[in-house]
Amino acid sequence: MSVARSVSPGGALLRTSRLFSLPAPIPPSPTDVANGHYGSLTATPSFPTHQVITTLNSSRQRGDWGLKRPLPLWTTTKSTNAMLRVKKIDTIEDITDFSSATDQGLTLRKFQELNIPLTVPDNTNESLRAAASNMNLPKRSVFEKDSDFTAIDSVNMIALKDKRWKFQGPWLGGMSPGQFAKWVAKSVRPRRAEFRMFLKQKLAADVLQSAIQRALDNAEEQPEIESIAVSDEQLTEYLRHLRGNPHEIYEMVGQFLDLAPLQAPTETEQRTQFSESGPPPGLGNPYSAHGPPVTHPSAGLSYLRTSEYLDNHPLYGPQASHPPVLARVLRPKRQNLQVDAKFGVAGFVVDSPGGDTASNSKFRSPTPNGNLLGKLDVDLEGGAKMWTQPTRASINANGRVSMIVKDARAEEKAVAQELLGGDKIFGEASPPAEPQATSVLTNAEKIRRKYGQGIPSMSNAHEYGLDGGAFRF
Amino acid sequence: MIIRNIVLRHGRQVIVASASPSCCVRALSTSTAKSATTATAPKGPTNVPSFFTTPEQRAKIAALKEQMDKVPDNFKEFRSIQKKTGKIGAVTQPRHLPDEMLKYPPHDATLEMLMAAQAHMGHNTSLWNPANQRYIYGVREGIHIIALETIAAHLRRAAKVVEEVAYHGGLILFVGTRRDQRPIVVRAAELAGGCHLFQNWTPGTITNRDQILAQGKLRMVDELDRDVPGFDDHIQECRPVIPDLVVCLNPLENYPMLHECGLANVPTIGIIDTNADPTWVTYQIPANDDSLRAMALIAAVLGRAGQRGQERRHADAEDGVITWETPSDVRRFVQNTLTAKAQEKKDQERQSVEQPAWGREMVESDEDVAKAMKQLADEEGI
């Protein structure tokens, strides 16, 4: 029990102040540090490390951000959104070290507009394939009870090994041989005696358990705990036994060092390396394939538990799917080099939908979509854009967001475009159809043909349909 | 919102129902009341005066009366709905006014106000002056945090100094030479009835004031700050004045001024951030000197203190209590003038009968000065 320290009124006040409640910056992603993110001019850090602060507009015009001194208006009043990150409140040069945080702040807003939860990563090939198809089952949110572990007591740490995401020890799968040797020399070797004690306790627990079992079987009196003593010979024998049993020793070492679990070995590996017994237990951890995440698996991006809800359209009623979002085609597909297209969705780079889909057809004749993805059209104003349907997102081991999108269906696209002020489809006689199927093209289809799946730029009267209704396609 | 509209509508009905007929019916109702009390009114089916003769008119008036009878009920209903729905809807919260300290200067700074004004944020810990250690509460985010209680205590002490200097008729100079401090010092000087300086201090303005301030204008005022005539000769002779108290918002940039104040024995009040030297000023106020909000708050409190002092001084002067002494050079001038006048009169009336009695008196006290000045004024016919 700690006695509450008496604090002066000013001190108590300061503790509740906004400056004091700013969280300390978190360390950057190890990959960012390794690459220095200087390898590319356009590279961005994996995740934000500093709290974004904002201020009222009236105060912003005066440079007042609640910091030590008013910030220069020239650099802080240009942006529409008042978002800054402060690296240092005062430096020895007598300045406040800050930079704009609009990039990350707006990315967060855009992501939250997608209304998708962060899920436990599932990077198996089967799940990726399923993601592209319609058989994409919803994944579990990281905030579900069976995967959201932030404070665990030592007893449950071993039991929850397959579910939790935070471990004291490193993930061996991500270490280079040099790093491994260094880690062993520095952190593991000095703990030999401690490990012996750990094994001794384990052995004592085993012996006690077997004694209890024996007593139960023979209907004898329960043995007393004090009577259990493990001699050095017993321990040496136990060590010998462990050395010949790789699974068991891995388990013991893993428990002792709290190592992040490794991926289950493939069948071949099992045959060659683990021939004596079955696969090592406890390999079901979702982070075993690529290592545990450096941040919380939600990274604070979204706190939603699910996206399984119905969207209601004011005219058409409940919708089967959520509204699609416009994705920017960042990199077209290169069929010869087997390089897939990359999209930019809500500020994140995502892979184009995998498998044989409408936008990614291997065999069908190139649709407008295919053209859009197939080559880089430099004449297209604003770049090529496509309607996509984000299905799920998760945080990978480096702290980056990996999102999975699929193609938006034609109806979804038409409804979304109408909501954006595009062509009116409500009240038209025929429902919107695929462009190949109909010979009489609606205005919407004409525009879609010209601009691919992207919306018209609406930069001239013609695109607004104001040139006498004559479309010159 | 909908309910509110209903209330509005009801209210309008009531207003229309009550207001539109009332202008022409008021006389009628009073007349009926009068007739009822005097019991001379005709007991007919309607108590409409007889000059409304046609049936149409009578019907119209009856309708109006009927409408009038509804007014109390309508009004009651309006009030009941108003009572039920009055609390529905948005409540306007007090808004943050960035210029609050300039528009509505506070008389005292609470700890909350000081913290909100960022007064507690010191400089980077590497930049500190160890003499400020006693003001520092701790280190946070790489900067020193100044204790809020210390700021408040020192601010109150400084406010007391300003108030008493103003009460004793002293001249207070507010100095803030950073660019954005201009409105702050002007407002504080305006409140305290002092002077302000927002541009560079010309070195020597105190020590070499005979040269630098030679063109400055001087006024001679009485205890109620009214101009006193008859001192033109003296004003031409006397030296430029120096302030009796200097309040400096940024001592770091104004060391020459503070040094001159020290040489001239002028007390100074200064905002001491953790990197400033507290020995440069007489009365320190440890606070963040970079934040304009903190500066505005502190200057406003000091300005208010000066205002209080001036008000007290004027109130006492009205009651005949003068809280300041006439400077010795002024007193000497008055003495000399009186002597010269007496001499002149004596010369003029050398052959005459008597000398004026008052010329022989010595001018010693402030009352004497006042009396002598009054006599001078009377003599000159002013």
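Quick one: residue A:211 ticks every box in (1) modelled with pLDDT of 90 or more; (2) out of contact with any Ser or Thr (no Cβ under 7 Å at 6 or more places or on another chain); (3) surrounded by 13 or more Cβ atoms within 10 Å (Cβ to Cβ) except a single one, so which number is it? For residue A:211, the failing item is (1). Among the residues of the range A:327-349, those that are touching a Leu at 6+ places or on another chain (Cβ under 9 Å), part of a strand (DSSP E or B) and of a type in the set (A, V, I, L, M) comprise A:329, A:345, A:349. Within the range B:170-209, if we keep just the residues that are assigned to a loop (DSSP other than H, G, I, E, B), of a type outside the set (S, T, N, Q) and touching a strand residue (DSSP E or B) at 6+ places or on another chain (Cβ under 9 Å), the residue that is farthest from residue B:305 (Cα to Cα) turns out to be B:201. Select from the range A:148-168 the residues that are modelled with pLDDT of 85 or more and either over 17 Å from residue A:287 (Cβ atoms) or surrounded by fewer than 16 Cβ atoms within 10 Å (Cβ to Cβ) (or both) and list them in ascending order. If the condition is that a residue be modelled with pLDDT of 85 or more and either over 17 Å from residue A:287 (Cβ atoms) or surrounded by fewer than 16 Cβ atoms within 10 Å (Cβ to Cβ) (or both), then A:168 is the only one that fits. The residues on offer are A:12, A:82, A:24, and the sole one that is more than 11 Å from chain B (Cβ to nearest Cβ), among the aliphatic types (A, V, I, L, M) and more than 19 Å from residue B:292 (Cα to Cα) is A:82.
Checked against (1) within 22 Å of residue A:398 (Cα to Cα); (2) not in a loop (DSSP other than H, G, I, E, B), residue A:74 meets all criteria but (1). Suppose the filter is among the charged types (D, E, K, R) and modelled with pLDDT under 95; does residue B:260 pass it? Taking the combined requirement at face value, the residue does not satisfy it. When restricted to residues that are buried (at least 18 other Cβ atoms within 10 Å of the Cβ) and either under 18 Å from residue B:111 (Cβ atoms) or not assigned by TED's automatic domain parsing to the domain that holds residue B:269 (or both), the range B:124-151 contains 11.
If the condition is being out of contact with any Lys or Arg (no Cβ under 6 Å at 6 or more places or on another chain) and in contact (Cβ under 8 Å) with a residue 60 or more places away in the chain, then the range A:325-353 contributes A:325, A:327, A:343, A:345, A:348. When you look at residue B:163, is it closer than 19 Å to residue B:109 by Cα, among the charged types (D, E, K, R) and either in contact with a helix residue (DSSP H, G or I) (Cβ under 8 Å, 6 or more places away or on another chain) or within 14 Å of another protein chain (Cβ to nearest Cβ) (or both), yes or no? When the stated conditions are applied, residue B:163 passes them. Exactly one residue among A:40, A:29 is assigned by TED's automatic domain parsing to the domain that holds residue A:101, surrounded by 16 or more Cβ atoms within 10 Å (Cβ to Cβ) and either closer than 27 Å to residue B:292 by Cβ or not hydrophobic (A, V, I, L, M, F, W, C) (or both), and that residue is A:29.
The residue list A:97, A:64 contains one member that is exposed (fewer than 14 other Cβ atoms within 10 Å of the Cβ) and within 14 Å of another protein chain (Cβ to nearest Cβ), which is A:97. With respect to residue B:274, determine if the residue is within 27 Å of residue B:143 (Cβ to Cβ), in contact with a Ser or Thr (Cβ under 6 Å, 6 or more places away or on another chain) and assigned by TED's automatic domain parsing to the domain that holds residue B:130. Judged against the criteria, residue B:274 is not a match.
Considering only the range B:207-246, state which residues are of a type in the set (Asp, Glu), touching a Pro at 6+ places or on another chain (Cβ under 9 Å) and in contact (Cβ under 8 Å) with a residue 40 or more places away in the chain. Within the range B:207-246, just B:244 meets the criteria. Can you tell me how many residues within the range B:112-154 are acidic (Asp, Glu) and either assigned to a strand (DSSP E or B) or over 16 Å from residue A:86 (Cβ atoms) (or both)? The number of residues fulfilling the criteria is 2. For the range B:116-139, the set of residues classified as within 11 Å of chain A (Cβ to nearest Cβ) and either under 36 Å from the mean Cα position of the chain (by Cα) or within 16 Å of residue A:7 (Cα to Cα) (or both) consists of B:116, B:117, B:118, B:119, B:120, B:121, B:122, B:123, B:137, B:138, listed by residue number.
If the condition is being in a loop (DSSP other than H, G, I, E, B) and either at pLDDT 65 or above or of a type in the set (Lys, Arg) (or both), then the range A:112-136 contributes A:115, A:116, A:117, A:120, A:121, A:122.
Residues checked against (1) more than 13 Å from residue A:259 (Cβ to Cβ); (2) free of Cβ contacts under 8 Å to residues at least 12 places away in the same chain; (3) in a loop (DSSP other than H, G, I, E, B):
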position	(1), (2), (3)
A:147	yes, no, yes
A:150	yes, no, yes
A:156	yes, yes, no
A:180	no, yes, no
A:188	no, no, no
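Considering only the range A:298-344, state which residues are touching a strand residue (DSSP E or B) at 6+ places or on another chain (Cβ under 9 Å) and of a type in the set (S, T, N, Q). Result: A:298, A:302, A:306, A:307, A:312, A:319, A:321. Is it true that residue B:96 is in contact (Cβ under 8 Å) with a residue 40 or more places away in the chain, facing another protein chain (nearest Cβ under 8 Å) and not acidic (Asp, Glu)? No, not satisfied. Of the helices (runs of 4 or more DSSP H) lying entirely inside the range B:242-350, not one carries at least 1 residues that are within 14 Å of another protein chain (Cβ to nearest Cβ) and among the hydroxyl-bearing types (Ser, Thr, Tyr). When restricted to residues that are of a type in the set (Gly, Ala, Ser) and surrounded by 14 or more Cβ atoms within 10 Å (Cβ to Cβ), the range B:67-123 contains 5.
The values are calculated or read from the model by the stated rules, or taken from the named source; none is laboratory data. Note that the structure is a prediction, hence the values are computed from the model and not measured. With ideal geometry, Cβ positions are generated from the backbone for all residues, glycine too; neighbour counts draw on all protein chains shown.
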